[in-house]
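Q: This is the structure, below, for whatever I ask next.
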Ligand SMILES: Cc1cc2nc3c(=O)[nH]c(=O)nc-3n(C[C@H](O)[C@H](O)[C@H](O)COP(=O)(O)O)c2cc1C
């Protein structure tokens, strides 16, 4: 898959993954895509921890699941479907979130996106998430499923200890990666005209939806 717009519109959270190993050469291509991203001042403080060790993944999954049971699960249960999706689709998303929660550690490989920066600011996020998005797009282009996850940050200290991050390094996302069980489909988002203004805040721009 090489058409950039096709990739952009079908890079969805792929939470149901096969346990089959992912060749290192593909992980390397994903990492190279990540390390090509924009970053503040080109300081390249990103660090990528590739995790395959089942014991490490299992230790982090325990915190990931606890955060689901305590915070995320109840939040999902009490929330309405977001724009651009239906109740049925939202229920499917919730089921997939639960599925990944139970099997987070079973994804054959994780990429943990980190920054070697002592005091994270909003600029820190702006210097790591472009790399994360590049990696998600690269995984999609290679036919691999992945999901941007940050839930472990609800137990940041414990999860980062389980990951063995040294002082001064913080994690921003864990990407569980593997061959997807299902098919890539289009993302479901609300209409562009509901979130775009022209010149003055609140002034609708009658932007074409197609194309
Ligand atoms: C900041 C951020 C954090 C996220 N954290 C998680 C997470 O911890 N677990 C998870 O399953 N999905 C997570 N997601 C994925 C979103 O739930 C997903 O992008 C959204 O539901 C849209 O789904 P779609 O891309 O499949 O259409 C996260 C996405 C973002 C941008």
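Q: Nearest 10 degrees is fine. How inclined is helix 122-141 to the longest principal axis of the chain, computing both from alpha carbons?
A: That helix lies at roughly 90 degrees to the long axis.
Q: Next question. If I stretch the segment between residue 24 and residue 85 completely, what's the gain in nm (0.36 nm per residue apart, minus their alpha carbon distance), one decimal? Spell out each step's value before the answer.
A: Values: separation 61, 0.36 × 61 = 21.96 nm, distance 3.56 nm.
Taking residue 24 through residue 85 to full extension adds about 18.4 nm, to one decimal.
Q: Per the Kirkwood formula on distinct C-alpha pairs, the Rh of the chain is how many angstrom? Write down the numbers at each step before the final one.
A: Working: mean 1/r = 0.0543 Å⁻¹.
Its Kirkwood hydrodynamic radius stands at 18.4 Å.
Q: With a cut-off of 8 Å between alpha carbons and a minimum separation of six or more residues, what is the relative contact order of the chain in percent?
A: Working: 317 pairs, mean separation 77.0, N = 211.
Over the chain, the number comes to 37 percent.
Q: In the range 54-103, what is the volume of the convex hull around the alpha carbon atoms, normalised per residue and reported in Å³?
A: Value for the range 54-103: 71 Å³ per residue.
Q: Dividing the Cα radius of gyration by the Kirkwood radius, what Rg/Rh value follows for the range 1-69? Mind showing how you got there, number by number?
A: Numbers: Rg = 15.7 Å, Rh = 15.4 Å.
Rg/Rh for the range 1-69 comes to 1.02.
Q: For the Cα atoms of the chain, what angle does the longest principal axis make with the long axis of helix 87-103, in degrees from 0 to 90, nearest 10?
A: Approximately 10 degrees, to the nearest 10.
Q: Students often check this: by mean Cβ neighbours within 10 Å, which of 71-82, 53-64 ranks highest, and how do the rest follow? Could you put the intermediate results ahead of the total?
A: Values: 71-82: 11.7, 53-64: 17.4.
Packing order, densest peptide first, comes out as 53-64, 71-82.
Q: In bins 10 Å wide, starting from 0, what share of all Cα pairs of the range 30-133 does each bin hold, as a percent?
A: Taking every Cα pair in the range 30-133, the percentages come to 13, 30, 35, 21, 1.
Q: Using 10 Å bins from zero, what percent of all Cα-Cα pairs in the range 95-211 falls into each bin?
A: Per 10 Å bin, starting at zero, the Cα-Cα P(r) for the range 95-211 comes out as 11, 32, 30, 20, 7, 0 percent.
Q: Something else about it: Would you list the P(r) distribution for the range 133-180, with all Cα-Cα distances sorted into 10 Å bins from 0 and each bin expressed as a whole %?
A: Taking every Cα pair in the range 133-180, the percentages come to 26, 41, 29, 4.
Q: Ranked highest first by average number of other Cβ atoms within 10 Å, how do 103-113, 160-170 line up?
A: Values: 103-113: 21.4, 160-170: 14.9.
Taking the mean over residues of other Cβ atoms within 10 Å, the ranking is 103-113, 160-170.
Q: In Å and from the alpha-carbon atoms only, list the Rg and Dmax of the range 80-131.
A: 16.1, 43
Since every read-out is calculated from the coordinates, none of them should be taken as a lab result. None of the values given here were measured: they were computed from a predicted structure. Methodologically, a virtual Cβ is constructed for each residue, glycine included, from the backbone with ideal geometry; neighbour enumeration extends over all protein chains shown.
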